[in-house]
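A short write-up of the structure that comes next.
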Amino acid sequence: MDQKDNVVLVPEALADFIPQYLELRKTDITQLDAALSSNNFAFIQKICHGIKGHARGYGFLKLQEIVIRLEECALKADHAACKQLLTDWRTHFDTIKIEIQKDT
C-alpha cells in the first residue's frame with residue numbers, strides 16, 4: 001500500500017464525525033467477517049454498497065476502492081478475494097493518518 005493511500009483528507013466540516021465513522025466501519029468489518037464465514041454474500045454486497053456511497057464524502061478514498069472491489073467479489077461469491085479485501089481494509093485502517101482540510 002502506497003504511503004499516500006494511508007492519508008485520509010477529511011473536510012473540516014466533517015471532522016467531529018470521524019471518530020464515530022471509524023467505529024462504525026470497525027463494526028462493519030466484524031459483521032462482514034461473520035457474513036463471510038457463513039457465505040452470506042448478499043449481506044456483504046449490501047453493506048459495501050452503502051459504504052461506497054459515503055466513504056468518498058468523508059475523504060476515505062482507499063476505503064471506497066476496497067468496498068467497491070469487495071462488493072464485486074461478493075457478487076461473484078469469491079470467498080478468497082473477499083477475505084483478502086477484508087484484510088486489506090483492516091491494514092488500511094490500522095495505518096491511516098487523518099488530516100483535516102480547512103474549509104475555504
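The values are calculated or read from the model by the stated rules, or taken from the named source; none is laboratory data. Note that the structure is predicted; figures quoted are calculated from it, not measured. Heads up, the Cβs are rebuilt from the backbone with ideal geometry, glycines too, and the neighbour counts pull from every protein chain shown.
Brief remarks on what is shown
- Tally, over segment 9-49, of residues that are under 18 Å from GLU71 (Cα atoms), under 16 Å from the mean Cα position of the chain (by Cα) and touching a residue at least 24 places away in the same chain (Cβ under 8 Å): 9
- A count restricted to segment 86-96 and to residues that are touching a helix residue (DSSP H, G or I) at 6+ places or on another chain (Cβ under 6 Å) and more than 18 Å from ILE68 (Cβ to Cβ) stands at 1.
- The listed residue being surrounded by 15 or more Cβ atoms within 10 Å (Cβ to Cβ) and either among the basic types (Lys, Arg) or modelled with pLDDT under 95 (or both), out of ILE100, ILE44, ILE66: ILE100
- Here GLU23 does not qualify as touching a Lys or Arg at 6+ places or on another chain (Cβ under 6 Å) and among the charged types (D, E, K, R).
- Residue check, LEU14 surrounded by fewer than 18 Cβ atoms within 10 Å (Cβ to Cβ) and among the hydrophobic types (A, V, I, L, M, F, W, C): yes
- Set ARG90, ARG56: member being closer than 22 Å to VAL7 by Cβ, surrounded by fewer than 18 Cβ atoms within 10 Å (Cβ to Cβ) and free of Cβ contacts under 8 Å to residues at least 24 places away in the same chain: ARG56
- Every pair of residues 6+ apart whose Cβ atoms lie under 8 Å, when the first sits in segment 66-84 and is on the phi > 0 side of the Ramachandran plot while the second is modelled with pLDDT of 95 or more and loosely packed, with under 14 Cβ neighbours inside 10 Å: ALA77/ASN39
- Odd one out for ARG56 among (1) among the charged types (D, E, K, R); (2) modelled with pLDDT of 95 or more; (3) under 25 Å from LEU9 (Cβ atoms): (2)
- In segment 70-87, the qualifying residues are those that are surrounded by fewer than 18 Cβ atoms within 10 Å (Cβ to Cβ) and among the charged types (D, E, K, R), and the one that is nearest to GLY50 (Cα to Cα) is GLU72.
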